[in-house]
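**Q** For reference, the structure I am asking about is given below.
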Amino acid sequence: MEIIKDNIRNLEGYKINKKPYRIKLDANEGKNIFFQDISNEIISFIKEMDINLYPDAESFLLRTEIGKYLNINPDNIVTGNGSSEMIELVMKTFIDKDDIILSFIPTFSMYSVFSKIYSGRFVGVNSNEDFSTDIDVLIKKAKEIKPKVILLCNPNNPTGYLINKNEIKKLLDNVECIVVVDEAYIEFAEGSMVKDITQYKNLIVLRTLSKALGLAAIRLGYMVSNRHIIDTINKVRAPYNLNSISQYIGVKALQNKEKIFEYVEEVKEERKHLYETLMLLPVEPYPSNTNFIFFKSDIDKLDKKLEQDGILIRGFSGDLDGYYRVTVGNRWENLEFIKSLKEIIKNENS
């Protein structure tokens, strides 16, 4: 007897690059902008905490700080282990067997993975040739196949494309299903839907502290929506789903808004410099609203060639074969990436 579920048996999980490196630009991680300043406080907190007791199941202090950060009511917030847990909570709450999850493609690969895990059917609507998207095409498809959930990664990973806020409102006005806007990279762009959560009965917005706050290691994300959806999600959410240390670090980080804003501006400046430099090389970079740049190169296995110089970037396969994604690092990291890239191009042409 086969004991593994049919939808899991041939599932391909999320691939992690474990290669050694000197510069890591493959996972869109942010810079450590907090830890040096709060490390002693964290140590003191750990020494004083009642480690034998469960954490605050409601993450009250953390939700309060997120509420201040976004200027919304903390009661409209659910917290958890990265935005990945938030995506999974959406699936747990709304997806029954064979329900359809609709999204533009290419997009974040875990959308289709979670869809399979929860026995849903992931349907992708192709982006335009330049990786822009047409919301009217998505609306037409939604009316045709009647999805239970629509997922929009905005700005999109891996392409960096940003859907205009008015286009998202148009979608919300024309569909009845749940619309999830994944704003993991929105701090590097404009047009968040957070302030609109109470205006729509079917809108969920996901956010993370992994990117603009540089806290990927503590796995902290959150969801905002209207009270009815939040109350429903909390029925599904595992008790004590977020540990005390992550809650504490999140609170401390969110109390330093100025550092977040300064870092975001630094990334935008470096992104502009990196994009303009790539434009001068025989590669095809795409405009980005994130902390990474998506580009095309005719050099075969460019990511593997960069690995030989200790530089990790993300390479894609299948329909995206020949496309790559590089995280915007600090100036030195970006210059080293460009230096190595130029050397590879030189060798390819010699």
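**Q** List the residue pairs whose Cβ atoms are under 8 Å apart, where the first residue sits in the stretch 312-324 and is buried (at least 16 other Cβ atoms within 10 Å of the Cβ), the second is modelled with pLDDT under 95 and not small (Gly, Ala, Ser), and the two are 6 or more positions apart or on different chains.
**A** Listed by first residue and then by second, the contacts come to LEU312/ASN17; LEU312/LYS19; LEU312/TYR21; ARG314/ASN17.
**Q** Exactly one condition in (1) in a loop (DSSP other than H, G, I, E, B); (2) within 19 Å of the chain's Cα centre (by Cα) is false for ASP98; which is it?
**A** (2)
**Q** Kindly indicate the residue of the stretch 101-125 that is of a type in the set (A, V, I, L, M) and within 19 Å of GLY82 (Cα to Cα) and also nearest to the chain's Cα centre (by Cα) among those meeting that condition.
**A** Selected residue: MET110.
**Q** Within the stretch 270-296, track down each residue that is assigned to a helix (DSSP H, G or I) and loosely packed, with under 14 Cβ neighbours inside 10 Å.
**A** LYS272, GLU276, MET279 - these are the residues of the stretch 270-296 that are assigned to a helix (DSSP H, G or I) and loosely packed, with under 14 Cβ neighbours inside 10 Å.
**Q** Go through the stretch 297-309 and report how many residues are touching a residue at least 12 places away in the same chain (Cβ under 8 Å), part of a loop (DSSP other than H, G, I, E, B) and within 16 Å of LYS342 (Cβ to Cβ).
**A** 4
**Q** Just one of the numbered conditions (1) among the small types (Gly, Ala, Ser); (2) buried (at least 20 other Cβ atoms within 10 Å of the Cβ); (3) at pLDDT 95 or above is not true of SER83; which one?
**A** That leaves (3) as the condition not met.
**Q** Now for a different question. Could you go through the stretch 130-147 and let me know if any residue there is among the acidic types (Asp, Glu), closer than 24 Å to ASN28 by Cα and surrounded by fewer than 18 Cβ atoms within 10 Å (Cβ to Cβ).
**A** Yes; the residues of the stretch 130-147 include at least one that is among the acidic types (Asp, Glu), closer than 24 Å to ASN28 by Cα and surrounded by fewer than 18 Cβ atoms within 10 Å (Cβ to Cβ).
**Q** I want to confirm something. Restricting to the stretch 213-245 and keeping residues that are out of contact with any strand residue (DSSP E or B) (no Cβ under 9 Å at 6 or more places or on another chain) and closer than 26 Å to SER44 by Cβ, which single residue is surrounded by the most Cβ atoms within 10 Å (Cβ to Cβ)?
**A** LEU213
The values are calculated or read from the model by the stated rules, or taken from the named source; none is laboratory data. The shown structure was predicted, so the numbers you read here are calculated from the model rather than taken from an experiment. Every residue, glycine as well, gets a Cβ built from its backbone with ideal geometry; the counts of neighbours run over all protein chains shown.
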